[in-house]
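K.L.:
The following block contains the structure, expressed as structure tokens.
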Amino acid sequence: MVTILVGGQWGDEGKGKIIDLLSENADMVIRSQGGNNAGHTVVNAGQEFRFHLIPSGILYPNTTCVIGNGVVLDPRVLLEEMEQVQSRGISIDRLLISDRAHLIMPWHPILDKLEEEQRGDDRLGTTWRGIGPAYADKVRRIGFRAGDLQKPRFLEKKLSFVLSKIKNPILEQLYHVKPLDRQAILDEYTGYGERLGPYIQDIFPIIHRALGRNDRVLLEGAQGSMLDLDFGTYPYVTSSSPTAGGALTGSGIPPTAVDLTMGVFKAYTTRVGYGPMPTELDNALGEQIRKIGVEYGTTTGRPRRVGWFDAAVARYSVVLNGIGSIALTKLDVLDGFDPIRICTGYVSKGELQEFPMANISHLKHCEPVYEELPGWGSSIAGLRRPEDLPKAARRYIDRLEQLCRAPIDIVSVGPARDQTIRMSSRPQTLVPRQHQQQHQPSHS
Ligand code: GDP
Ligand code: IMO
Ligand code: MG
């Protein structure tokens, strides 16, 4: 029984909170792409956890947590995170790392930063974690994999080649910076191999045994669909595929095993880094939403760009990922705003567009089409039942559902696990396909 959870916008939708919520019913949670560019926040019993690599299901004692083959893994960061989690009384015995996962090597963050500097005004605004360079090396077939950490002789030979023939010449001759020391890297990574060894395994049979038992498997997306390498606002994207398709190649799960794809959407829009964002509010109103929503990056601390809900983006994500269920987060942040605007599409070159265009220049210069809905003017953070929601909040949810063309099953009204409203008794996730009902929008 497989559920994929994807971010529907530009990341930071609140995936961590929703994964934590769904993990209660999951036997296994798998991270399948991205690396420590991700920052997933989970608030449980007054404690806040920020996960960059460890799957957000780790807080449940019976959930196996897997770092899948599609992830790029910085061993130093992972070890730090493992220590932090353990120091807070959480066991990491159920953590597994795919031997196929690629490693972030010391040159990756260095090159990430140098490439960004070289781009000047055209920089992407990456997290400087080395994600792009690590995926580029994977595609170039000079990447190091977690399994290599367990083969010191192989590691040494490969390191000699990659460092002396490729990376150090680039650092020295292209960027005029100091070359890296082979022995120091070898010692460092051999040490990582010893410490991470017990967790590194061939995950393929483990996942497929779980599927064979009909275990409940949850794929934890990182980033968001608009940061997808192919379908996002290229080149202002990340270097992986944070879509449902990417979740499958990043875990080795076949499409036929998937029961449901769930999309997480914030009740407004945020983006970190550069690139087009049609509904951006680069003004006092945007600043107000940023403050109330505490929109500062979990990984880099950068202020997030803020704007109204973009239904063209959401609709695109629904279609692209085959989203059958939506979790809408941070609705409480809009409590005091009146009116509330929703972008229903764009006008570009005189034509109405219902999806974001591939041409980012068109996207940058398009005219968003807005409609206005009344605000509700009261706090919803303490509400737990759909029938208690103010009429105007209900109307906003219904309208988003209609515009996105998928049902909103979960509404989150605060960061804590219990600050959640289940909108329907329809099965929400982790439920076999045959038990799911087709959604019929009531008013479109
Ligand atoms: P992720 O990357 O998608 O997991 O999201 P982040 O953790 O980077 O950012 C989401 C932020 O919003 C975190 O600080 C969460 O604790 C917080 N959050 C999640 N859901 C809600 C909600 O419904 N209301 C409020 N006010 N905060 C929320
Ligand atoms: P989570 O999982 C928001 C953005 C960066 C930058 C672009 C490329 O927490 O939602 P990269 O370092 O990946 O090469 O940067 O992607 N980005 C994210 N934005 N949330 C994330 O992850 C992100 N991961 C990368 O800000 O614009
Ligand atoms: Mg985040």
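The values are calculated or read from the model by the stated rules, or taken from the named source; none is laboratory data. Fair warning: this is a prediction, and the values are worked out from it, not measured in the lab. Here Cβ is always computed from backbone atoms with ideal geometry, including for glycine, and neighbour counts include all displayed protein chains. For accessibility, only protein heavy atoms count, side chains too; no ligands or nucleic acids. Shrake-Rupley method; radii C 1.70, N 1.55, O 1.52, S 1.80 Å.
K.L.:
Would you mention how many residues in the stretch 177-234 are under 30 Å from R271 (Cα atoms) and either in contact with a Ser or Thr (Cβ under 9 Å, 6 or more places away or on another chain) or among the β-branched types (V, I, T) (or both)?
P.N.:
From the stretch 177-234, those under 30 Å from R271 (Cα atoms) are 217-234; that's our starting set.
From the residues that got through so far, the ones that are either in contact with a Ser or Thr (Cβ under 9 Å, 6 or more places away or on another chain) or among the β-branched types (V, I, T) (or both) too are 217-233.
Of the residues in that region, 17 qualify.
K.L.:
Moving on. Starting from residues that are among the small types (G, A, S), surrounded by 14 or more Cβ atoms within 10 Å (Cβ to Cβ) and part of a helix (DSSP H, G or I), keep the ones in the stretch 192-224 and report whichever is nearest to ligand 3 (Cβ to nearest atom). Write out each step before concluding.
P.N.:
Restricting attention to the stretch 192-224, the residues satisfying the condition of being among the small types (G, A, S) are 193, 197, 210, 212, 221-222, 224.
Now drop any that are not surrounded by 14 or more Cβ atoms within 10 Å (Cβ to Cβ), which leaves 193, 210, 221-222, 224.
Adding the requirement that they be part of a helix (DSSP H, G or I) leaves 193, 210.
Working: G193: 29, A210: 27 Å.
This residue is A210.
K.L.:
Check L227, L320, L281 and return the single one that is within 16 Å of ligand 3 (Cβ to nearest atom), closer than 22 Å to S348 by Cα and in contact with a Phe, Trp or Tyr (Cβ under 9 Å, 6 or more places away or on another chain).
P.N.:
Answer to the selection: L227.
K.L.:
Could you run through the stretch 274-322 and say how many residues are over 20 Å from I342 (Cα atoms) and part of a loop (DSSP other than H, G, I, E, B)?
P.N.:
Selection size over the stretch 274-322: 10.
K.L.:
Just wondering, is there one or more residues in the stretch 234-257 that are within 16 Å of ligand 1 (Cβ to nearest atom), in a helix (DSSP H, G or I), of a type outside the set (K, R) and open to solvent by 20 Å² or more (accessible area, probe 1.4 Å)?
P.N.:
No.
K.L.:
Still on this model: Quick check on the stretch 331-357: of everything there that is assigned to a strand (DSSP E or B) and small (G, A, S), which residue is surrounded by the most Cβ atoms within 10 Å (Cβ to Cβ)? Full working, then the answer.
P.N.:
So the first thing to find is which residues in the stretch 331-357 are assigned to a strand (DSSP E or B), and the list is 340-348, 351-353.
Then keep just the ones that are small (G, A, S); that gives 345, 348.
Numbers: G345: 21, S348: 19.
Among those that are assigned to a strand (DSSP E or B) and small (G, A, S), it is G345.
K.L.:
Which condition does L96 not pass, out of (1) more than 30 Å from Y316 (Cα to Cα); (2) assigned by TED's automatic domain parsing to the domain that holds L248; (3) away from ligand 3 (no atom under 16 Å from the Cβ); (4) in a strand (DSSP E or B), if it passes all the others?
P.N.:
The number of the failed condition is (2).
K.L.:
Next question, about the same structure. Select from the stretch 270-287 the residues that are out of contact with any Ser or Thr (no Cβ under 8 Å at 6 or more places or on another chain) and within 19 Å of T299 (Cα to Cα) and list them in ascending order.
P.N.:
T270, R271, Y274
K.L.:
Can you name the residue in the stretch 40-59 that is more than 11 Å from ligand 2 (Cβ to nearest atom) and in contact with a Pro (Cβ under 9 Å, 6 or more places away or on another chain) and is also farthest from T127 (Cα to Cα) among such residues?
P.N.:
As a first pass, look at the stretch 40-59 and keep what is more than 11 Å from ligand 2 (Cβ to nearest atom): 42-49, 54-55, 57-59.
Right, trim to in contact with a Pro (Cβ under 9 Å, 6 or more places away or on another chain) and you get 42-43, 48.
Numbers: V42: 21, V43: 23, E48: 22 Å.
Applying the filter and picking the extreme gives V43.
K.L.:
If you don't mind, there's one more thing I want to ask. If you go through the stretch 286-295 one residue at a time, do you hit one that is of a type in the set (A, V, I, L, M), in contact with a helix residue (DSSP H, G or I) (Cβ under 6 Å, 6 or more places away or on another chain) and either more than 16 Å from ligand 3 (Cβ to nearest atom) or not assigned by TED's automatic domain parsing to the domain that holds D228 (or both)?
P.N.:
Scanning the stretch 286-295, I find at least one residue that is of a type in the set (A, V, I, L, M), in contact with a helix residue (DSSP H, G or I) (Cβ under 6 Å, 6 or more places away or on another chain) and either more than 16 Å from ligand 3 (Cβ to nearest atom) or not assigned by TED's automatic domain parsing to the domain that holds D228 (or both), so the answer is yes.
K.L.:
In the list L328, L383, which residue meets the criterion of being buried (at least 19 other Cβ atoms within 10 Å of the Cβ), at pLDDT 95 or above and assigned to a loop (DSSP other than H, G, I, E, B)?
P.N.:
L383
K.L.:
Further, regarding this structure: Of all residues in the stretch 299-325 being under 27 Å from G130 (Cβ atoms) and surrounded by fewer than 19 Cβ atoms within 10 Å (Cβ to Cβ), which is nearest to ligand 1 (Cβ to nearest atom)?
P.N.:
Of everything passing the filter in the stretch 299-325, T299 is nearest to ligand 1 (Cβ to nearest atom).
K.L.:
Sort out which residues of the stretch 15-38 are near ligand 1 (Cβ under 7 Å from one of its atoms) and either more than 21 Å from I131 (Cβ to Cβ) or at pLDDT below 95 (or both), and write them in order of number. Before you say what the answer is, go through the steps one by one.
P.N.:
Within the stretch 15-38, the first condition is being near ligand 1 (Cβ under 7 Å from one of its atoms), and the residues that meet it are 15-17, 38.
Within the stretch 15-38, just K17 meets the criteria.
K.L.:
Being within 27 Å of H362 (Cβ to Cβ) and at pLDDT below 95 narrows it down to one of R315, R302, R271, so name that one. Even if it seems obvious, please write down each step before you answer.
P.N.:
On the way: R315 fails: at pLDDT below 95; R271 fails: at pLDDT below 95.
Being within 27 Å of H362 (Cβ to Cβ) and at pLDDT below 95 holds for just one of R315, R302, R271, which is R302.
K.L.:
While we're looking at this one, here's another question. Of these, P169, P109, P179, which one is over 30 Å from T3 (Cα atoms) and not in a helix (DSSP H, G or I)? So that I can check it myself, show each step before the final result.
P.N.:
Values: P169 fails: not in a helix (DSSP H, G or I); P109 fails: not in a helix (DSSP H, G or I).
Residue meeting the stated conditions: P179.
K.L.:
Restrict the check to the stretch 44-66 and report whether at least one residue is of a type in the set (S, T, Y) and under 28 Å from P109 (Cβ atoms).
P.N.:
yes
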